[in-house]
Amino acid sequence: MACIATLNSFAQSESDYERSLTKLLEVSGAEKTFSMVIQQMMTAMRPQYESVPQEYWDDMEKEFKSTSLTDLVGMLVPIYQKHLTQDDLKEIISFYESPLGKKFAEKQPFITQESMQVGQQWGMQIGMKIAAKMQEQQEGK
């Protein structure tokens, strides 16, 4: 009987955790990003299937946006559970629901995009420095 209660409790906390993670993805803006990825994938695939009517693509996009996020959350739960507790999620959600958190969620895609550009420049600089050092090494022999 205690085993059943423990399993029941685990299943309930799993469900609570999943709901909290879904809420976190929503308030942090990640859910919008995932939806954009699905939309981009559909746009990229349309030319390969030109005979498929636009209406079908629209319906499929709606379906994937609703079901794929649920699937993704299910896949992410074990990863988040490994690193964050239910209480951690609740506190992070509280942050994202604050004025500063909302601003951060709104600006995060721009920060990420600009940071990726800077990261590429940085990587190219490092690559050029490594190549120069390798050239020096080869010439020194």
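Since every read-out is calculated from the coordinates, none of them should be taken as a lab result. Note that the structure is predicted; figures quoted are calculated from it, not measured. Neighbour counts are summed over all protein chains in view; Cβ atoms, including those assigned to glycine, are modelled from backbone coordinates with ideal geometry.
Worth pointing out:
- For the pair A131 and V52, the difference between a 0.36 nm per residue extended length and the Cα-Cα distance amounts to 23.6 nm.
- Of K32/K107; K23/K102; K82/K103, those spanning more than 18 Å from alpha-carbon to alpha-carbon: K82/K103
- Average Cα contact separation per residue, the stretch 2-97, under 8 Å, 6 or more apart, as relative contact order %: 50
- Under the Debye formula (equal points on every Cα, no solvent term), log10 I(q)/I(0) of the stretch 55-136 at q = 0.24 Å⁻¹: -1.08
- Span from the the stretch 103-141 Cα centroid across to the the stretch 18-75 one, whole angstrom: 31
- Residue order for S28, S68, fewest other beta carbons within 10 angstrom first, comes to S68, S28.
- Compactness index (Cα Rg / 2.2 N^0.38 Å), the chain: 1.56
- For the stretch 78-88, 3J(HN,Hα) computed residue by residue from phi via the Karplus equation (6.51, -1.76, 1.60; θ = phi - 60°) reads x, 5, 5, 5, 5, 10, 9, 7, 4, 5, 4 Hz, glycine and proline entered as x.
- The residues neighbouring I38, those whose beta-carbon lies less than 9 Å from its own, together hold a net charge of 0 under the Lys/Arg +1, Asp/Glu -1 convention.
- Residues of the stretch 68-88 falling in the label zone of V37, defined by backbone nitrogen less than 16 Å from a point 7 Å along Cα to beta-carbon, are 68-80.
- Computed extension gain for K62 through T85, at 0.36 nm per residue and net of the alpha carbon distance, reaches 5.1 nm.
- Charge dipole of the chain (Cα centre as origin; +1 on each Lys and Arg Cβ, -1 on each Asp and Glu Cβ, all else neutral): 580 debye, rounded to the nearest 20.
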